[in-house]
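Below is one structure, written out as C-alpha cells, with a few remarks after it.
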Amino acid sequence: QDLLNPNPWEQTKYVDFPEGTLPVVAQGTWGWRYDWGPEGAAPIEGVQDKVATWDYPALVPGTQPYSVSGGGFSYGVNAETEHADAAVELAQWLSSGSALARQLVAVGAAAPRSGISDLAPYSGEPSLLDAEEKLATSIDVPEGDGADQASQAAQNATEQILLGKADGAQAASAFASEAADLLGPSLVSQ
C-alpha cells in the first residue's frame, strides 16, 4: 500500500530505515542532511556512525563494483538578457572555491571539481568527502534509447500488481503490450 501513496518513499526512507526495520535504501548525498541529519525529515542519532555507503556490485560480470553519480549541473546565461555580463560574473562567483563549498553543503552534494575538499564548511562534511572520493570511479548509469518509455511501461505493470489487478504473468503481458505501443512493435519481443 505504501508504494501507492503520492510520496512512496516516506514509509521506507522516513520510517522503516530510521527504525532499523529496513536495512538498505538507495539514497543520494543529500540524505545525511535533509533526510537523516539532525535537522532532517527523520533524524537518526549518530547518523555519521550508523549510515554508510558502498559501491554497487559489478554492472557487468567480471568488472569492478561501482558507485553512481548524477550528471551534475551547469549555469547558463540567456543570450537575450539585459545583464549578461553580471549573470556570467555571478555564475563565476558561485563556482568559486568558498562560494561553492558553502553551496555544496547547503544542498548536500559532492564537489564536482578539485580544490574544494579543504575549504570550510565542505571540509567538515565526512559524507560529502567520502562521496567525492567515489566520483573517480563512479558512472552515470547508461540508458539506451527508449529508457523512459520502458520505465513507464514497467511502472504501470507494477501498479497493476500492487492494486491486485494483475498477477506476474498478466503484468508481464501488459508491460510487453504497452512497451510495444510506446517503442514500436519491432523493438519488443513478446
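Could you tell me whether segment 123-136 includes any residue that is in a loop (DSSP other than H, G, I, E, B), open to solvent by less than 50 Å² (accessible area, probe 1.4 Å) and outside the structural domain of residue 36 (by the TED database)? No, there is no match, as no residue in segment 123-136 is in a loop (DSSP other than H, G, I, E, B), open to solvent by less than 50 Å² (accessible area, probe 1.4 Å) and outside the structural domain of residue 36 (by the TED database).
The residues of segment 78-117 that are β-branched (Val, Ile, Thr) and exposed (fewer than 15 other Cβ atoms within 10 Å of the Cβ), listed by number, are 81, 88, 107. Among residues that are surrounded by 15 or more Cβ atoms within 10 Å (Cβ to Cβ), closer than 22 Å to residue 122 by Cβ and not assigned by the TED database to the domain that holds residue 131, residue 27 is included.
One residue stands out among those in segment 34-71 that are open to solvent by 70 Å² or more (accessible area, probe 1.4 Å) and outside any loop (DSSP other than H, G, I, E, B): the one that is farthest from residue 20 (Cα to Cα), which is 68.
Using beta carbons and a limit of 7 Å, which pairs, at least six apart or on different chains, have the first residue in segment 24-41 and in contact (Cβ under 8 Å) with a residue 24 or more places away in the chain and the second one in a loop (DSSP other than H, G, I, E, B) and exposed (fewer than 15 other Cβ atoms within 10 Å of the Cβ)? Within 7 Å, the pairs are 34/41.
Residues considered: 109, 52, 42. Of these, the only one that is of a type in the set (A, V, I, L, M, F, W, C), at pLDDT 95 or above and within 30 Å of residue 15 (Cβ to Cβ) is 42. No other residue among 145, 140 is modelled with pLDDT under 90, open to solvent by 50 Å² or more (accessible area, probe 1.4 Å), under 30 Å from residue 64 (Cβ atoms) and in contact with a Ser or Thr (Cβ under 9 Å, 6 or more places away or on another chain) apart from 140.
Among the residues of segment 155-188, those identified as within 16 Å of residue 145 (Cα to Cα) and open to solvent by 50 Å² or more (accessible area, probe 1.4 Å) are 181, 182, 183, 185, 186, 187. Scanning segment 151-179 for residues that are in a helix (DSSP H, G or I), of a type in the set (Gly, Ala, Ser) and either assigned by the TED database to the domain that holds residue 1 or out of contact with any helix residue (DSSP H, G or I) (no Cβ under 9 Å at 6 or more places or on another chain) (or both) turns up 151, 169. Report yes if residue 120 is more than 22 Å from the chain's Cα centre (by Cα), surrounded by fewer than 13 Cβ atoms within 10 Å (Cβ to Cβ), of a type in the set (A, V, I, L, M, F, W, C) and outside any helix (DSSP H, G or I), otherwise no. So residue 120 passes the test.
Taking the listed residues 56, 75, 34, the one that is under 30 Å from residue 161 (Cβ atoms) and not charged (D, E, K, R) is 56, with no other qualifying.
The values are calculated or read from the model by the stated rules, or taken from the named source; none is laboratory data. Values in this document were obtained by computation on a predicted structure and should not be read as measured data. Note that we place each Cβ from the backbone using ideal geometry, even for glycine, and neighbour counts take in every protein chain shown. To get the accessible areas, we keep the full protein, side chains included, count just its heavy atoms, and leave off ligands, DNA and RNA. Shrake-Rupley method; radii C 1.70, N 1.55, O 1.52, S 1.80 Å.
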